[in-house]
Each structure stands twice: as C-alpha cells, then as structure tokens.
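Shown below is the structure under consideration.
The values are calculated or read from the model by the stated rules, or taken from the named source; none is laboratory data. Keep in mind it's a predicted model, so treat the numbers as computed, not measured. Backbone-built Cβ (ideal geometry, glycine too); neighbour counts: all protein chains shown.
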Amino acid sequence: MQIFDLTPARSLGHDIAHATGFPFASPETRDIEGGQHKLRPLVSVRGGDVGDVFVVSALHATDGMSVNDHLVRMLFFIAACRDHGAVRVTAVAPWLPYARKDRVTTCVTLHPQRTETA
C-alpha cells in the first residue's frame with residue numbers, strides 16, 4: 001500500500017502515512033511548456049501488497065492553479081497509477097469542490113401531471 005500526496009506542502013500525506021503506518025511515496029510532478037504537466041509515481045505500485053494506492057489531494061484553488069487544475073491533475077495521477085498496475089486507487093480529498101452543486105434548493109416537480117380533455 002502506498003500513500004501519495006499531490007498537495008505542494010505534502011504535510012497531510014505525511015501525517016496520514018505516519019498515523020496509519022503505511023509508507024509515504026513522493027510522486028513526480030513536473031510542469032511542461034504550453035501548460036502541460038507530467039505526473040507519475042516514482043515507486044512501483046504494481047499488484048501484490050503495494051497494489052492499493054491512496055492519493056491525497058487538496059482540491060482548493062491556489063496561486064496559479066484553479067480547482068479544475070487540481071481536480072484534473074488528481075484524475076491524471078490516478079490514471080497513471082492504474083496504468084502502472086495499481087489494483088485499487090482511492091482518492092482522499094479533504095474538501096471536495098462541486099459537492100454542493102447538485103443539491104436541490106427549491107421544491108421542483110419533476111413530472112407534472114397533465115390533465116387532458118377529449
């Protein structure tokens with residue numbers, strides 16, 4: 001089992017790894033020209049006991065990166081872990097943006113009844 005932290009300070013991932021007793025692994029994160037980036041695990045995540053991966057990422061906006069940038073980077077890193085052979089990947093996001101976007105705040109009738117006359 002591996003714990004990766006995509007936040008810049010990586011303190012949350014270290015705290016989780018210390019509390020659980022599982023190893024903390026640093027990912028490679030590199031910005032490339034044109035707004036692209038490279039994310040990959042630097043340790044093997046292939047099968048066996050290491051096959052479970054936890055990805056810690058704070059998805060709030062920071063200087064130069066929006067909520068969408070953080071979310072896309074986390075999803076790309078999850079895909080990279082799966083491509084490298086991880087059996088299960090669990091995302092740990094202490095704050096999940098967009099979680100309240102689907103909340104219904106007003107009473108809406110989804111299927112209004114029609115009365116048809118002949």
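Would you check which residues across segment 31-54 are closer than 12 Å to residue 73 by Cβ and either touching a Leu at 6+ places or on another chain (Cβ under 8 Å) or aliphatic (A, V, I, L, M) (or both) and list them?
Correct list: 39 only.
Can you give me the number of residues within segment 25-37 that are in contact with a His (Cβ under 8 Å, 6 or more places away or on another chain) and either surrounded by 12 or more Cβ atoms within 10 Å (Cβ to Cβ) or closer than 22 Å to residue 96 by Cα (or both)? Break it down stepwise before answering.
From segment 25-37, those in contact with a His (Cβ under 8 Å, 6 or more places away or on another chain) are 29-31; that's our starting set.
Those still in the list that are either surrounded by 12 or more Cβ atoms within 10 Å (Cβ to Cβ) or closer than 22 Å to residue 96 by Cα (or both) too: 29.
Residues flagged as in contact with a His (Cβ under 8 Å, 6 or more places away or on another chain) and either surrounded by 12 or more Cβ atoms within 10 Å (Cβ to Cβ) or closer than 22 Å to residue 96 by Cα (or both) within segment 25-37 amount to 1.
Six or more apart or on different chains, Cβ atoms under 6 Å: show the pairs whose first residue is in segment 53-70 and within 25 Å of residue 21 (Cα to Cα) and whose second is of a type in the set (Gly, Ala, Ser).
53/86; 55/91; 56/13; 57/93; 59/93
Go through segment 38-63 and give me each residue that's of a type outside the set (A, V, I, L, M, F, W, C), over 16 Å from residue 12 (Cβ atoms) and either surrounded by 13 or more Cβ atoms within 10 Å (Cβ to Cβ) or at pLDDT 80 or above (or both).
Scanning segment 38-63 gives 38, 40, 41, 44, 46, 51, 52.
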